[in-house]
Each structure stands twice: as C-alpha cells, then as structure tokens.
Amino acid sequence: MNSLTVKILAALVSVLLITTICSQIYYVVHDKHDTEEAVLASVNEDITFKGVVIRNEKVVTYNGGGILDYEYADGSKLSVNSTIAEVYSSEEAIAAKDKIALIDEKIAELERAQNPGTTNYIESEALRSRIESKYNELLSSIYDKDYSELEDVKSELTLLMNIYNIVTNTETSYDGKISELKAEKKQLEEIAASPDDVIKADETGYFVSYADGYESMLSADNTDSLTDKDIEEVLKGDAEPPENAIGKMFDSYSCKIAGIVDYDSRISEGGSLSLMLNTSKNVYDVTVESVKIFGDDEDKMLVVLDCDRLDKNLVESRTLSAKLIFDEYQGIRVPRSAIRFQGDQKGVYVILGKDISFKKINVIYEGSDYVLSENTSDEDCLLLYDQILLEVVSNKDVSDSSKSSGAESAAAG
C-alpha cells in the first residue's frame, strides 16, 4: 500500500472519529432529560395525641388527721377490707417501718444465699453466667430508662452474687451480717409504733392514691355525651380535688381514652390502632369506640379509644401525651407529577439510554406530592433504580414495545 493511500485512510478514520465524538457531545448537551431515580422510601405517619383517661371512679375519703402510709402501688387490685393505708402520727415512724421491711428482705436474701440446699447444688460457672446476664439486663434497663423492674433485677443480682461468694468460699458465712441487721431492726421497732388508724377498702376494685376533681364529671358509661370543650377543660387541669380525698377506686381493668386530633380518614369507629406513650414508650393496642367530627371546616375529630390494659403509666395521671401509630409502608417513591396513564393503567415513563418505556405502578400509599409504589421484580412495573421521567412524553418518543393505543401524558390528579 503506497503512502498516498495510507494518508487517505488515516484522514477518513480521523474524520469518522471526530464526527462520532461530536455527535456524542451534541447528544449529551442537547438530549438531557429531567429524571428522578426510583428509590425505596418508608412512611410511618404518627399522630400526636393528648388524651384524657376515663373510668367509672369513686372517691375515697378520710376525715381523720395524721400521715398516711399507702400499702399498695397505684393500680393495685384490692378486695373488700384490704388495707388501703395506715395512719401514723409522724414521718419518723413510717420511715422506721419501711426500713424494717428492707432489713427483713436483706436477712431473707442472706439466709437463702448460705442455705446448703442452694449452695450445694449449683456450679460457680453457671452462677457467673447468670450474674453477667442480670448485670447486662440492669445496664439495659438504665440505658433505656425503663425503671419499672429495676428493683427486682437489682435484688436478683444481689442474691446471685451473695450465693457466688459462698460457693467460691469468698465468704464462709453471713451469720455476722445477719446478727447486725437483726440488732438494727430491734432499735427501729422502738420507733415504729403501731398505726393510729387503718383505712380499709369497702369494695373490691383498683385503687389509685390521688383524686383530681374530675371523677364525677367523667364516666366510662357516658363518653357519648363528651364534647371537645369537656376534653379541653380536663386537659387544663384546673379542678380542685374533693375535700378529704385520699384516692379513688374503679371497678374495671380497662379504661377509655378521649382526645382531639386533626381529621384523619384512617381513624374510624371499630378500627384498631396502637397508642405509644411519650413518657414510657409503652405501646398499647386500642380500639376506636367513637369518632365525632367537628369544627367550622369539619377538620377536627373527638376520638374515644378503648384500652383493655392497666399499668402504672395509665394510672399515674389523668392526662397523657402519646402518639397514634399507623402501619409502616415501604415502597418505591414516585413523584405525583411523574404519574401518567396508558388507557386504564397508571404508571410512569422511564428512560434507559435512549429508550423510553412505560412502567406500571401499584400504589400502596399516597402522600401529598408523592406516592409509594409496590417494590416488585415484575419487569412490566417500576423497578428500583429505574430513571423516572418527569417531563411530558409524546407517543412517538416511546419504544415500540411500550406503545399502546390511547397513550396519554397527562399527570395523575
């Protein structure tokens, strides 16, 4: 091949290469598309809920003087003639009585720890494992600020460590410590005189050691007559406790919780919801007993919930701050402005290279400016990481495999 031919071929290759590069540059510059990548998104829309706890309550009164020492934690069930409280003349007597109870517990723990029936049939390694487990449980409770069972865990951990000391011969006996505790107890018994009076329950029910003045206003049997003004009044908490009130009794394990929220179509009579308290993070299963829609624009709801549960968190206050929890939705996020229709099929246009095709979507959640589509492996549907076209698409731009008669580019309403 002569040199002229080589030069001509080289020139042609150069021209072809330059043309290809220029066309690619032109395509990049002039053929950009407004797109959004299809990504996974999760939605869990909770509603802030300020509630009022409602039960059929009866105020318990005491007309005498003195200092009360309640025998049961709030929410405990009492039978007829159970002791609600003992009445003492001084706080020192109550403190001595409480200290004696703690000493009795310590003596019982130490006696159990050195009991041959306990120490002769347990291995030190098994004890070590249980101690570590209880210690981690204690740390977790403190970290999570869950103090409801902290004392019980602490007591169990102390007992295990005392047993471990005996099993490993770190301690030979707790007799000396027990004798010291018994001597201390004897001294306290001289201060802890008998109570001046005893207050007993005259009926079976659950007891709470406070009354707030709303006991006669609120009734679980008459929640249908509640108004939004009633709820707002109770939330203010301006009522005066009844005279000589020392607490109240209620007969039912369950309660009703009433509150006002912005209108939400997901809340309907007979529906099941979850309620999470802000203070304890406890979650309660509740049923919607009734819904009243009110407001000039009917944009508010008075909601009454049934709760079939009783614990310290539900009796420590008349009002509670919580959240209504709805189901979590996870799917592919699709801007509303990108939704199009082909016939009766809802979907979006996606682009891959130069090819534009229509992909169906299956809406599982609707937000204000977006929807969530089911995450699927169906090639006819929108897939994760597809490039969603946000611009208007004409039928002539769509690849042949995706075309159908009556293709439209109008956005979904």
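If the viscosity is 1.567 mPa s and the temperature 4 °C, what translational diffusion coefficient in µm²/s does Stokes-Einstein give for region 66-199 when Rh comes from Kirkwood over Cα pairs?
Answer, rounded: 74 µm²/s.
Using alpha carbon coordinates only, what is the Rg to Rh ratio of region 195-287, with Rh defined as the Kirkwood radius?
Answer for region 195-287: 1.02.
Convex hull over the Cα atoms of region 300-407, averaged projected area in nm²?
Convex hull of Cα atoms, orientation-averaged projection: 11.1 nm².
Regarding region 343-393, what whole-number volume in Å³ per residue does the convex hull of its Cα atoms give?
On the way: hull volume 5.1 nm³, N = 51.
So the per-residue hull volume is 101 Å³.
Quickly rank 54-65, 286-297 as a protection proxy: mean count of other C-beta atoms within 10 Å, highest first.
On the way: 54-65: 16.8, 286-297: 14.3.
The densest-packed peptide leads the list: 54-65, 286-297.
Please compute, over every Cα-Cα pair in region 276-343, the percentage with a separation greater than 18 angstrom.
61 percent
Mind putting a number on the dipole of the chain about its Cα centre? Charges go on the C-beta only, +1 for Lys and Arg and -1 for Asp and Glu, and I need it in Debye to the nearest 20.
Charge dipole, the chain, about its Cα centre: 1880 debye, nearest 20.
What residues qualify as long-range amide H neighbours of Phe49, i.e. H under 5 Å apart, gap of 5 or more or another chain, H built at 1.01 Å from N?
Ala322, Lys323, Leu324
Could you sort Ser141, Ser155 by their accessible area in this structure, using a 1.4 Å probe and putting the largest first?
Working: Ser141 20, Ser155 45 Å².
Descending order: Ser155, Ser141.
Could you state the angle between the C-alpha long axis of helix 3-30 and the longest principal axis of the C-alpha atoms of the chain, as a value from 0 to 90 degrees rounded to the nearest 10?
Tilt of helix 3-30: around 40 degrees.
Can you tell me the accessible area per residue over region 243-388, all protein chains present, probe 1.4 angstrom, in square angstrom?
Numbers: 7210 Å² over 146 residues.
On a per-residue basis, region 243-388 sits at 49 Å².
What's the magnitude of the charge dipole for region 113-182 around its Cα centre, counting Lys and Arg as +1 and Asp and Glu as -1 at the beta-carbon? Answer in Debye, nearest 20.
Roughly 180 debye for region 113-182.
What are the radius of gyration and Dmax of region 41-119, computed over its Cα atoms and given in Å?
Final numbers for Rg and Dmax: 21.9, 64 Å.
If each DSSP helix of 4+ residues adds -39,500 (n - 2.57) and the sum is divided by the residues in the chain, what number results at 222 nm, nearest 500 deg cm²/dmol?
On the way: 8 runs with 123 residues, N = 413.
When only DSSP H runs of four or more count, the value is -10000 deg cm²/dmol.
Carbon and sulfur together cover what percent of the accessible area of the chain at a 1.4 Å probe radius?
Values: 11760 of 24470 Å².
Summing carbon and sulfur atoms, their accessible area is 48 percent of the total for the chain.
Could you sort Arg309, Arg112 by accessible area so the largest value comes first, with the probe set to 1.4 Å?
Arg112, Arg309
For region 243-363, treating each Cα as an identical point scatterer without solvent, what Debye log10 I(q)/I(0) comes out at q = 0.14, 0.17, 0.18 1/Å?
-0.78, -0.94, -1.00
Glu203's amide H: which non-local residues (gap 5+, or another chain) put their own amide H closer than 5 Å, with H modeled 1.01 Å from N in plane and none for Pro or chain starts?
Asn81
When all protein chains stay in place, what accessible area (Å², nearest 10, 1.4 Å probe) is found for Ser377?
100 Å²
In Å², what does the accessible area per residue of region 137-178 work out to with a 1.4 Å probe? Can you show the working numbers first?
Values: 2890 Å² over 42 residues.
Counting only protein heavy atoms, the per-residue value for region 137-178 is 69 Å².
With point charges of +1 on the Cβ of Lys and Arg and -1 on the Cβ of Asp and Glu, referenced to the Cα centre of the chain, which listed residue (Ser129, Thr172, Val315) lies farthest in the positive direction of the dipole?
So the residue furthest toward the plus end is Ser129.
Considering only Cα-Cα distances, which of the following residue pairs are longer than 24 Å: Lys182/Lys312; Lys154/Lys200; Lys154/Lys312; Lys134/Lys281?
Lys182/Lys312; Lys154/Lys200
Out of Leu372, Val398, Ser79, whose Cα points farthest toward the positive end of the dipole of the chain (charges: +1 Lys, Arg; -1 Asp, Glu; placed on Cβ)?
Projecting each Cα onto the dipole axis, the largest value belongs to Val398.
Note down the accessible area of Glu137, probe 1.4 Å, to the nearest 10 Å².
70 Å²
Rounded to a whole number, what is D in µm²/s for the chain from Stokes-Einstein with the Kirkwood radius over alpha-carbon pairs (20 °C, 1.002 mPa s)?
This corresponds to a translational diffusion coefficient of 73 µm²/s.
The values are calculated or read from the model by the stated rules, or taken from the named source; none is laboratory data. Note that the coordinates shown come from a computational prediction; the quantities given were computed from them, not determined experimentally. Cβ sites come from the backbone with ideal geometry, for glycine too, and all protein chains shown count toward neighbours. What goes into the accessible areas is simple: the full protein's heavy atoms, side chains included, and nothing from ligands, DNA or RNA. Shrake-Rupley method; radii C 1.70, N 1.55, O 1.52, S 1.80 Å.
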